[in-house]
Amino acid sequence: LGCRGLDRGSMQQGITAVPEHILGIDLGTTFSSVGVWNPEENDVTLLRGHHRRALFPSVIWVPRNVTDHSVLVGHAAARQGVLDPAGLVFGAKRLIGVPFKEGIKERLLPAALFEVVQDVNGGCLIIVRGHRKFTPEMVSATILQHLRGVAEYELKVEVSKAFVTVPAHFTEVQKEATLNAAWSAGLKVGRLSSSLTGLLNEPVAVSLTHFNSVIKPAGGAAVAPVLESGSNMLVFDLGGGTLDLTLMEVDPGDSFVGLKTRRILGDQCLGGQDFDACLLDLVRNKIADLTVQKQDVAKALIVERTVGLLSNCIEAKEILSHRQETRIDISSCGFDIEEITVTRQEFQHETRHLVRRSLQLVDEILDMGSALDDELDIKMDAKDISLVLLAGGSALLPHIKVALKKRFSALPGGQANQKQVPSVQTVYQPHFAVCRGAAIKGAHANEHYALDGISVPISLTNVTPFDLKLVCRRRDDSDDHHYKARCFEYAPFPGLHYAETIVPRFTLLPFEGEVFRTILDENQGTSTSVCLLESPFRDIWDPNECIKLGSFGIGHSLSSVEQPLGLSVWCSLDEAGMIECAASIFDPVTNAELNMVKEEFVYGPQQWNSLASAQQPTEVIQPPPVSGAAASNATVGDSLKEARPVSAAAALNGAGGVGLTEAQAVSAAAASTATGGVGSTEAQATLSATSASSAHHELDLRREQASVSSTSRIREGMPSVSQSVQPPDDVVVQCAGNN
């Protein structure tokens, strides 16, 4: 992405080569934020740009001129979207990695004025003004590149490493699409969250923020009660577009805090923008009741005015969080009426169905079980949860907290003894909890920092959010290994094939082991296909209802063996949930391996060449060498002098209060009351004969080469990414969206 009308040479002045910062980025549905660890303050600094706001609208705006290939990003796009909403693109996070289905825009983004059609790979393609085409990955990459530019402008150094957060219930396809967007934005985001960079689940980031704020560094005394060992904590993260629930087991040791994820659940169609839409409907109905010509209301509230009205509704929603009533300006709608009064009670009544949906998810995650953990394969009640941690801007709504307290009080264990009802707390700076947690994770991963001077060390253990399955052929009898399948051939015959679970959901990561073994049929032919699936829903046996991650074949035409051959399938998942699958043909008599194929599943939208035949790199690009953590800290601290953290109240007033008027147009246009399912694109797989670590290294190297050469790896012509410093906010970006 190149910037128009900006002196790039002047931007480069004053930039020094210092140890690279590792950014923490919250890539949100409606708003995003970026932060970095400040060693001088021993805390996270939220980077704001020249608008001095730490929340950036997750939108782009496309001009009317068909020959103008530039776009606006962030606050500038939000302001322009109020005047001309037809060019506003928002809600890309709800579409990223999701397969196209008829009516998907109406279900996920009903307020959008852009079109959503099917692209050549079966995913979603956004068409703006009838001629500009963007994939959700392109939109996300543009936003990420903008956040990177804000960081470089504030820090006066070039940055290319980051932890980018994703919902815990994202599918593997959605995670890989987010990775592609990050690399296209010039961010070297790795596959493993335990490495120097990576994807980080949003509820995990929230927990990092919480424990960093309640426990002093270097083993100091707690400033808030610390949970006992073995306690369960439920993270309730209600953001602008998604609700993420994660049940975690907490082990606060003497020198660290252990966090083990146990259960994951979420709804990608339930967020703050849905509450915004409900408030807008309430205001519309009030206008209709006060207007003589009620039939003219729909005509009067045209889209251009609705966007501005909804922006006022978002501001009113925030006011209702601490006041019983507020007045909403409706003068832009063209009526004699200037204002409408809305009470908190009216708003809560209008959104009661959304609260019920969130409580239903809470009940569901408590009822969930794990096939690999008998201790968790039970229904939990109030006494089993010690803490409910609220995060996300929508968590500030008073009736959310009240509803959760009532729910847990009504659960078994809470009725008899109110002391057993879990504490319901709001995390420090809920708007920025995810971003702060990602920056804290980056601080722990930065080798230039002394760990005991950063924050309390935290050990993280993740789980698989969904079942991993293989396509098998149904049969009545079972073999010696009690598997009910003889082949993996996929054919569209109802009832003939089914999806066999090989790695159950909530399996602790990393995982590696043999997941399937069987004897091939004599008439199997000369090859067998191994098809890997992911099931977001439990007890799904139809392969057509699952998400296809990829498939590969293995030959077994070996004349030296006369008896039927055996087939063994191994599977490994790293800490980030990325999958490698291997299949081997063996002699059932001697158990000798006769043939083996290893597959690295890469879910990007572009077909990769075989890693086995790829040329090995001769040189690996490394960050500039730096000696001494102390010198590093001094340099980093100097670069942060102009980006000091502010108090929680000031941060919320500057980024989450009335000052958000311009950016509120983003979630205003994005507000949605509809719900819909979320799936994923059909994955592309690459054949690999290398080890898992070599495959990861080669994959990241390919991403780096693609970024350096500005070659798009995103469908439908992702714009090239400049490695130079970007301006902070009001930026006009040259964007090569297809015409």
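The values are calculated or read from the model by the stated rules, or taken from the named source; none is laboratory data. No experiment lies behind these values; they were computed from the predicted model shown. Please note: Cβ atoms are built from the backbone with ideal geometry, for glycine as well, and neighbour counts cover all protein chains shown.
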Notebook entry, point to check: Ser394 is checked against (1) over 20 Å from His353 (Cα atoms); (2) surrounded by 18 or more Cβ atoms within 10 Å (Cβ to Cβ); (3) at pLDDT below 90 and fails just one. What number does that condition carry?
Noted result: (1)
Next item on the list: Select, from Ala438, Ala445, the only residue that is at pLDDT 80 or above and surrounded by fewer than 22 Cβ atoms within 10 Å (Cβ to Cβ).
Entry: Ala445
Item checked: Flag if Leu144 is buried (at least 24 other Cβ atoms within 10 Å of the Cβ), closer than 16 Å to Gly24 by Cα and either touching a residue at least 60 places away in the same chain (Cβ under 8 Å) or of a type in the set (Val, Ile, Thr) (or both) -> yes
Notebook entry, point to check: Quick check: anything in segment 510-518 outside the structural domain of Val597 (by TED's automatic domain parsing), modelled with pLDDT under 75 and surrounded by 13 or more Cβ atoms within 10 Å (Cβ to Cβ)?
Noted result: no
Notebook entry, point to check: Got a number for residues in segment 327-343 being farther than 25 Å from Asp84 by Cα and surrounded by fewer than 19 Cβ atoms within 10 Å (Cβ to Cβ)?
Noted result: 3
Notebook entry, point to check: From the list Glu176, Glu158, which one is surrounded by fewer than 24 Cβ atoms within 10 Å (Cβ to Cβ) and assigned by TED's automatic domain parsing to the domain that holds Leu247?
Noted result: Glu158
Note to self: Among the listed residues Val44, Val62, Val36, identify the single one that is surrounded by 24 or more Cβ atoms within 10 Å (Cβ to Cβ), more than 24 Å from the chain's Cα centre (by Cα), aliphatic (A, V, I, L, M) and modelled with pLDDT of 90 or more.
What the structure shows: Val62
Margin query: List pairs: first residue in segment 255-269 and among the small types (Gly, Ala, Ser) and surrounded by fewer than 23 Cβ atoms within 10 Å (Cβ to Cβ), second residue part of a strand (DSSP E or B) and modelled with pLDDT under 85 anywhere in the structure, Cβ distance under 9 angstrom, at least six positions apart or on different chains.
Written below: Gly258/Asp251; Gly258/Pro252; Gly258/Ile458; Gly258/Ser459; Gly258/Leu460; Gly258/Thr461
Item checked: Answer residue from segment 102-151, given it is among the acidic types (Asp, Glu) and in contact with a Pro (Cβ under 9 Å, 6 or more places away or on another chain) and is modelled with the lowest pLDDT among those -> Asp119
Check: Given segment 288-386, what helices (runs of 4 or more DSSP H) lie entirely inside it while holding 2 or more residues that are at pLDDT 90 or above?
Finding: 303-319, 344-350, 352-367
